[in-house]
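Data first, discussion second: the structure below is written as C-alpha cells.
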Amino acid sequence: MKKVLLAFSITWSLALTGVAFAQAPAAAPAAAAATIDAGTVVTGVSTPKPEEKAAGDPAGTLTGTAADIPLGDAKKGLTVGDLASMLGQNLIATNFVWTLVTGFLVMFMQAGFAIVETGLARAKNANHTMMMNFMVYGAGMLAYWLIGFAIQEGGVGAVANLGGTAPLSSEYAITLFGKSWGLFGQKGVMLGGATYDVGVLVMFLFQMVFMDTALTIVTGTAAERWKYSTFLVSSILMGAFTYPLFANWAWGGGWLQNLGGNYGLGNGYVDFAGSGVVHSVGGVTALALGIMMGPRIGKYTRNGKPNAIPGHDITMVLLGCFILAFGWFGFNPGSTLGAAANGNLRISSVAVNTMLAGMAASFSGMLYMWMRYGKPDASMTGNAFLAGLVAITAPSGFVSPMASVVIGLIAGVLVCLSCEFVERVLKVDDVVGAVSVHGTNGIWGVISVGLFADGKSNYGGAWNGVAHSVTGLFYGGGAGQLIAQLIGVATLIGFVFTMSFVINMILEAVMGQRVSAKAELEGLDIPEMGALGYPEFVLKPEAAIET
Amino acid sequence: MALVGLVVTFAGFVLAAASVGITSSNTGRLGMVLVGIVVSLIGIMGVINPAYQKNAVWKK
C-alpha cells in the first residue's frame, strides 16, 4: 500500500510539475498585427435627418456626409469596406478630374497657336493659316484614334494615378545588347476591345492634345506656301506614326525611358511634359519641311540676304502667347496625371516653375533684341516667352524655382540666336520661328534635365522604374542622366528628322508640298481656300522687295 | 545628295543609340553620343540643306 501511495505521489508530483510548467506563463507571443474586418459595421456616425435636408442647406453642413457613401449591403449598413472603397474612388476621381481639366487647357492652346501663327503671317494668307491650325486638331485626333495612341501607349502598362490602365499591356520589343528594347505598343487601336476603359480614355484625351501640339508646330514654319491637301496628309501621317513612335520610346514603355534600368543611365530618358517628345519632334519636323519647301518668294535677295516679311497683326501674336501660357498651366502640371498621392502635390512646384521660366525668357529675349537692334521687338519677345515655356517643359517636375529662372534666361537668348542662325546661315525661311522656339529650345529643355534636376522630387518612389529621384549633373547625379538625355537628343535629330523628311519626300513626289508661285504671290486664301480671311479689307499692295 | 545626307543623319543616331551596348564606360558613351549628334547635324546642315539650297527660289 505504501509503495502504491509512493508511486501515486511521485506520478502526481510529476504530473503537477508538468502542469505547473505548462501553466507558467509562456513568453509573450509576438503581438498579432491589428486587423479590422472589412465587414465591420461602422456605428455612431451621425447623418442629417430627412426633415433637416428637406428644409434646405444654405450653409453646406448637411450635404456630403456619411449618408452619401454608397453601401455594399444596404441591409448591413455602412462598413469599413465601404469606407475603403470610397477612399479609393476619391483618389482616382481626383486624379481623373485633374488630368481631364488640364487636358482641356492644353486643347485650348490650339487657339493660341492659331492666332500666333496667323498674326505672324500676312493678311492675304490669314484664312489658310487659320484653317491649317483649325483642322490640324481634327486631322491629328483622327490619326491618333485610328492607330497613333495604340503605337504610343499600347504597352505602357499600369498607370497607378489613373487606376491602373491594365488593358494597355502589349509592347513590341526586340532584344539588343542583351536587353529588351521596347519599340511600339500594340493595344488600343480605335480604342476598341478592352481599351474601352475609363482610365484608358483619360489617358487618350490627355495624350492626344499633347500630340496635336507637336503637329501644329509644323504649320508655323510651312505657312504661306504649304498646299492645304498636303498639309492634311502630312499631319495625319505625323499623328499616326512619327510622333507616337518617339513618344512610345520616351513615355510608353519604350527603350529610351528604360536606359536607366537597362544600362544604369540615371532614370533613363526623362521628359516630364514633352520638351523633346512634343516640342522637339514638332521643331525638327518643321525644319525638315522648311528645308524641303524652300523659302517664300521674296524672302531672300539674289545675294542670299534675308528680307523681313512682317506679320499683319502683332496684337494677335501677343494675345496668342498669353493663351499659350495659360494652356501651359495644363501642359506641365497636368503631366503628373494626378493631384493626389504619389508625390503629386508637386503640381504647385511644376506650375510655378513654368511661369517663372516663361517670365525670365521674355526678359532676356526682349533685352537681347533691344541691345542688339535698338528696340524691344514684340514678336521676338513673344517668341522668347514661348521659348522659356518650351525649355522648362521637360525639367518642370524636377527642378527648383531658381533653376527654372536660369533655364528661362538662357532660353530667351538662345531663341534669338537660333532664329538668326536658321534665317541667315541655313537660309531656311521659318515664318513664325517654330524651329528655334520648339526645336532648339526643346532640345535645351531636354538637356537641362540632365543638368538641373535636383533629386528632391519623389513621384511614388521611382521614375521610369528606377528607384531614386531624378538627379542631374549639377546636383551630384553624375553624368548618367545627362547621357540619357543626350541619347534622346540624338534620336530626335538623327531619327525623327530622318523619318519626317522621308515621309514628306514621298508626299513631295506624290502630291507636291508647295503651292504654285502664282498662288503664293496672290496669297493662299483664294487659290487654296476659296475665300479671303478679311473680305471687307482692301489689302495694300506689298512694298517692292529688294531682290 | 539628299539621300546621302539622310543616311549620314541616321548614322549619327545609330552611333549614339549603340553607345550603350558598345561600352559600359560613361565617358565612352558620352563621347560616342556627342559624336553621333555632330554627325547627324553634319548630315542635315552640311549635306541635305545645301543640296536643297542649290535650287532655292531666290537663286532663280
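Tell me which residues, restricted to segment A:252-283, are under 21 Å from A:Tyr137 (Cβ atoms), hydrophobic (A, V, I, L, M, F, W, C) and part of a helix (DSSP H, G or I). A:Val277, A:Val278, A:Val281, listed by residue number. The test for being away from chain B (no Cβ under 14 Å) and more than 23 Å from A:Arg225 (Cβ to Cβ) holds for A:Ala411.
Every residue, every condition in (1) surrounded by fewer than 22 Cβ atoms within 10 Å (Cβ to Cβ); (2) under 30 Å from A:Ala160 (Cβ atoms), yes or no:
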| site | (1), (2) |
| --- | --- |
| A:Ile314 | yes, no |
| A:Gly320 | no, no |
| A:Phe326 | yes, yes |
| A:Asn332 | no, yes |
| A:Gly338 | no, yes |
| A:Ala341 | yes, yes |
| A:Asn344 | yes, yes |
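Checking the stated criteria, B:Leu41 turns out not to satisfy the condition of being more than 8 Å from chain A (Cβ to nearest Cβ), hydrophobic (A, V, I, L, M, F, W, C) and surrounded by fewer than 22 Cβ atoms within 10 Å (Cβ to Cβ). Only a single criterion out of (1) within 12 Å of another protein chain (Cβ to nearest Cβ); (2) in a helix (DSSP H, G or I); (3) surrounded by fewer than 24 Cβ atoms within 10 Å (Cβ to Cβ) is not satisfied by A:Ile506, namely (1). In the condition set (1) farther than 26 Å from A:Gly477 by Cα; (2) under 17 Å from the mean Cα position of the chain (by Cα), A:Val428 is compliant with all but (2). Residues that are buried (at least 24 other Cβ atoms within 10 Å of the Cβ) and aromatic (Phe, Trp, Tyr) within segment A:128-147 comprise just one, A:Tyr144. Of all residues in segment A:470-479, those satisfying the criterion of being surrounded by fewer than 24 Cβ atoms within 10 Å (Cβ to Cβ), in contact with a helix residue (DSSP H, G or I) (Cβ under 7 Å, 6 or more places away or on another chain) and more than 9 Å from chain B (Cβ to nearest Cβ) are A:Thr471, A:Leu473, A:Phe474.
Based on this model, can you work out whether A:His468 counts as assigned by TED's automatic domain parsing to the domain that holds A:Val218, in contact (Cβ under 8 Å) with a residue 24 or more places away in the chain and not in a helix (DSSP H, G or I)? Against the criterion (assigned by TED's automatic domain parsing to the domain that holds A:Val218, in contact (Cβ under 8 Å) with a residue 24 or more places away in the chain and not in a helix (DSSP H, G or I)), A:His468 qualifies. Count of segment B:50-60 residues, restricted to those that are facing chain A (nearest Cβ under 8 Å) and either in contact (Cβ under 8 Å) with a residue 24 or more places away in the chain or within 18 Å of B:Ala16 (Cβ to Cβ) (or both), is 1.
When B:Val47 is tested against (1) aliphatic (A, V, I, L, M); (2) more than 20 Å from A:Lys427 (Cα to Cα); (3) more than 9 Å from chain A (Cβ to nearest Cβ), just one condition goes unmet, and that condition is (2).
Among residues of segment A:174-186 being touching a strand residue (DSSP E or B) at 6+ places or on another chain (Cβ under 7 Å) and touching a residue at least 12 places away in the same chain (Cβ under 8 Å), the one that is farthest from B:Val20 (Cα to Cα) is A:Gln186.
For every residue, the table says whether it meets (1) within 12 Å of another protein chain (Cβ to nearest Cβ); (2) under 27 Å from A:Pro244 (Cβ atoms); (3) at pLDDT 95 or above.
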| site | (1), (2), (3) |
| --- | --- |
| A:Ala467 | no, no, no |
| A:Val496 | yes, yes, yes |
| A:Val510 | no, yes, yes |
| A:Tyr534 | no, no, no |
| A:Thr547 | yes, no, no |
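Could you tell me whether segment A:326-335 includes any residue that is farther than 21 Å from A:Val156 by Cβ and in a loop (DSSP other than H, G, I, E, B)? Looking for residues that are farther than 21 Å from A:Val156 by Cβ and in a loop (DSSP other than H, G, I, E, B), one finds none in segment A:326-335, hence no. The residues on offer are A:Leu482, A:Leu486, A:Leu426, and the sole one that is within 11 Å of another protein chain (Cβ to nearest Cβ), more than 16 Å from A:Trp249 (Cβ to Cβ) and buried (at least 23 other Cβ atoms within 10 Å of the Cβ) is A:Leu482.
Summed over segment A:168-185, residues that are on the phi < 0 side of the Ramachandran plot and over 21 Å from the mean Cα position of the chain (by Cα) total 9. Just one of the listed residues (A:Gly264, A:Gly268) is farther than 19 Å from A:Met208 by Cβ and surrounded by fewer than 24 Cβ atoms within 10 Å (Cβ to Cβ), namely A:Gly264. Within segment B:9-38, the set of residues being under 19 Å from A:Val425 (Cβ atoms) and more than 7 Å from chain A (Cβ to nearest Cβ) comprises B:Val38 only.
The one condition from (1) over 30 Å from A:Val317 (Cα atoms); (2) within 17 Å of the chain's Cα centre (by Cα); (3) loosely packed, with under 15 Cβ neighbours inside 10 Å that A:Ala150 does not meet is (3).
If you check A:Ser364, A:Ser275, A:Ser335 for being out of contact with any Phe, Trp or Tyr (no Cβ under 9 Å at 6 or more places or on another chain), of a type in the set (Gly, Ala, Ser) and assigned by TED's automatic domain parsing to the domain that holds A:Gln257, only one passes: A:Ser364.
The values are calculated or read from the model by the stated rules, or taken from the named source; none is laboratory data. Note that the structure is predicted; figures quoted are calculated from it, not measured. Don't worry about glycine lacking a Cβ; one is built from the backbone with ideal geometry, like all the others, and counts go over all protein chains shown.
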